[in-house]
Amino acid sequence: MLRHYKVWGKVKRTGLKTRHYFFMISYQAARRIICEQLGKVGAGAAGVEEVSLDEAAGRVLARDVTADRDYPPFARSARDGYAVRAAEAIEGAALTCLGEIKAGDAPPALGGGAICLQIMTGAAVPGGADAVVMIEHTERAGDVVRFTRGAVAGQNVIPQGSEATSGQIVLSAGMRVGYAELAQAAQVGAAVLRCARRPRVAILSTGDEIVPFAETPGAFQIRNSNAVSLAAQVRAAGGEPEMLGHAVDREAELRERIAAGLREDILVLSGGVSMGKYDLVEDVLRSMGAEFFFDAVAIRPGKPAVFAVCQGKPVFGLPGNPVSTMVTFELFVAPAIDLRSGAVARALPFVEVVLAEDLQEKPGMTHFLPARVEWEEASADSAGSASGFGRVRALKWQGSGDIGAMVQANCYLVVAAELSHVAAGSRVPILLRGEVV
Ligand code: AMP
Ligand code: MG
C-alpha cells in the first residue's frame, strides 16, 4: 500500500517509482484547473436530445432559438386608453371616439380629423395613430373624449420588432433554461428544444462503516447520508445521478465500482481520500491510470478534495465528512456539470452581508462555515443603506461531520485565508447554496 504524508502546504507521496508532489492549492486555482481539464475532456460531450418545452426547465440549450416573426408582431398598445395622433391630443383637447380595438382585433386605420379609437392593452395600434393616452388621463362623455394630459408621440406604443426582429437569435446555445427562457421559447413557437443531455454523474460512497440509509447500522456503523445529499446536489446542478451504492475500503472492490463509475460522464466518490490507512481511493485511481491535478485544497472544510482525469472521465474524490462533501460539491463538481452540459461554468454566488457576531478562525485556509443569513426584506427600498440587507452568523458546529449544523444553515460564511478575526458589523461574503428544486 502506498503511504502519503501531507505536510503544511504540501503533499508528498512516497512508495511510487516516481515521486509525486502536490501543493495545496487555493479553491480558485482548483476551479480553474477543473474548467481547463473539462474543456480538454470535452465540454458539452454528454450528447444532445430533443426535449419538449414543458420538460425543458433546467436544461442547457444545444442550439440557438430564433424569432419566427417580429416581436411585437405589430405596434402594440402598452395601456388601456385611446389611440390618437399626439399632435391633436393636447391637454384639454376633445376628440370623437369612433370605436374600439380589442387585443386580437385587426385594427382599422385612424382616419383624419379630431378623432380617436379606444384601445386595449395588447391590441394593435391603428395606422395613423402615434400614441396611446392612458384611460386614467381622459374623461369621457358619450363619444367625446377629453384629454386631461397631453399626449407625446410614441407614448405607450411598443413598435413592431422592437423586442426582436424575425430571424434574430433570442436564446443561445449554452444557456440554461429557466422560466424566462421557457416563456421566450413558447413565445416564438419553439415547442421542442434541442438540449444537452443531462450529464450522468456516478455517485460512489466508500467506507467499511457505511450501510445503506434504509438499513439499521451496527453499533459502530453509520448510514450513508452522502449518496442521497450528493444525488440532490447533482440534480440541482443539472446532472442525472447514477447511484453506485457504496464500496468497502478494499482495493479490489473499489476498482470494480470505479470501473462502473467511469462508464458515466462524471464520477464522484465520497470518502477515502484523507490520510488514513484505509483511504485507498487515490491509490486505486492511480492504478487505473488516473492523472491527478490536485489532492489538497486550502479550504476548511474540504481540504483533502481530489480531482483527477481517469480513462478520459473527470473524477472527483470528495472527503467523506458530510459537510465537506457538500461544500466541495458546490465548489468543484457543480461547474463540471455545467461544462459537460455545454454551459459556461457558473460563477460562485457570493453575496456581501453584515456579520452579526465576532468570528475567530485559524488563518491559512479559506473557511466555508455553515451559517445562517437573515434577510431584511423590509429594507429593500432603501438601496445603498449602510446596514445592508442581510445579517449572517456562523452556526455552532462540531466540525465537518455535523449535518445538523447544515440543516440550520442557509449559506456558507466565507472567511478569507489571511483573516484570523472578523469583527461584528464587518461586511463579509457568503456563498449561497445550490438549491434543490
Ligand atoms: P473519510 O473521508 O473516508 O475519512 O470519512 C470521513 C468521515 O466521514 C468519517 O467519519 C466517515 O464515517 C464519514 N463518512 C464517509 N462516508 C460517508 C457517507 N457516505 N455518509 C455519511 N458519512 C460518511
Ligand atoms: Mg472512509
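Assorted remarks:
- 3J(HN,Hα) from dihedral phi, segment 272-284, Karplus parametrisation 6.51/-1.76/1.60, rounded to Hz, x for glycine, proline: x, 10, 8, 9, x, 4, 9, 8, 9, 4, 5, 4, 5
- A Cβ-based charge dipole, computed about the Cα centre of the chain with Lys and Arg at +1 and Asp and Glu at -1, lands at about 1800 debye.
- If you model segment 30-156 as an ellipsoid using its alpha carbon gyration tensor, with each semi-axis the square root of five times an eigenvalue, the axes come out at 51, 16, 12 Å, biggest first.
- Theoretical FRET efficiency, 1/(1+(r/R0)^6), r = Cβ-Cβ of Asp105 and Tyr179, R0 41 Å, to 0.05: 0.85
- Which of Cys116, Cys195, Cys310 has the fewest Cβ neighbours within 10 Å, and the rest in rising order: Cys310, Cys195, Cys116
- Based on C-alpha pairs under 8 angstrom that are at least 6 apart in sequence, segment 76-158 has a relative contact order of 44 percent.
- Under the criterion of Cα pairs below 8 Å and six or more residues apart, the relative contact order for the chain equals 16 percent.
- Listed by chain and number, the aspartates and glutamates whose alpha-carbon sits under 14 Å from that of Lys277, ignoring those within fewer than 8 places in the same chain, are Asp208, Asp249, Glu251.
- Under a 5 Å amide H cut-off, with hydrogens placed 1.01 Å from N, Arg300 pairs with Thr366, His367, Phe368 among residues at least 5 apart or on other chains.
- Helix 251-261 axis, angle to the chain major axis (alpha carbon atoms, nearest 10°): 20 degrees
- Taking the charge dipole of the chain about its Cα centre, with +1 at Lys and Arg Cβ atoms and -1 at Asp and Glu Cβ atoms, the residue from Val201, Ala106, Pro304 reaching farthest to the positive side is Pro304.
- Going from the residue with the fewest nearby Cβ atoms within 10 Å to the one with the most, Asp402, Asp64 rank Asp64, Asp402.
- Separation of segment 101-146 and segment 55-71, taken as the distance between their Cα centroids, equals 35 angstrom.
- Whole-Hz couplings from phi, Karplus 6.51/-1.76/1.60, listed for segment 421-431; x for Gly and Pro: 9, 10, 7, 3, x, 5, 8, 10, x, 10, 9
- Taking the C-alpha atoms of the chain, convex hull volume expressed per residue in Å³: 185 Å³
- The Kirkwood radius of segment 350-432, taken over pairs of alpha-carbon atoms, gives through the Stokes-Einstein law at 4 °C and 1.567 mPa s a diffusion coefficient of 99 µm² s⁻¹.
- For Gly161, residues with placed amide H under 5 Å, excluding near neighbours: Tyr71, Phe74
- One quarter of the convex hull surface built on the alpha carbon atoms of segment 292-437 amounts to 10.3 nm², the projected area averaged over directions.
- Hull shadow area, averaged, segment 190-230 [alpha-carbon convex hull, nm²]: 4.5 nm²
- Rounded to the nearest whole Hz, the Karplus-based 3J(HN,Hα) values (6.51 cos²θ - 1.76 cosθ + 1.60, θ = phi - 60°) of segment 166-181 follow the sequence 3, x, 5, 6, 9, 9, 10, 3, x, 6, 8, 7, x, 5, 5, 5, with x at glycine and proline.
- Degrees, to the nearest 10: 27-42 long Cα axis against longest axis of the chain: 80 degrees
- The residue among Gly261, Phe147, Val344 whose Cα reaches farthest toward the positive pole of the charge dipole of the chain, with charges on the beta-carbon of Lys, Arg, Asp and Glu, is Gly261.
- Think of it as helices only: each DSSP H run of n ≥ 4 in the chain is worth -39500 (n - 2.57), and spread over all residues that comes to -5000 deg cm²/dmol at 222 nm.
Throughout, read-outs are computed from the coordinates displayed, never taken from laboratory work. Since the model is a prediction, treat every value here as computed from it, not as a measurement. Here Cβ is always computed from backbone atoms with ideal geometry, including for glycine, and neighbour counts include all displayed protein chains.
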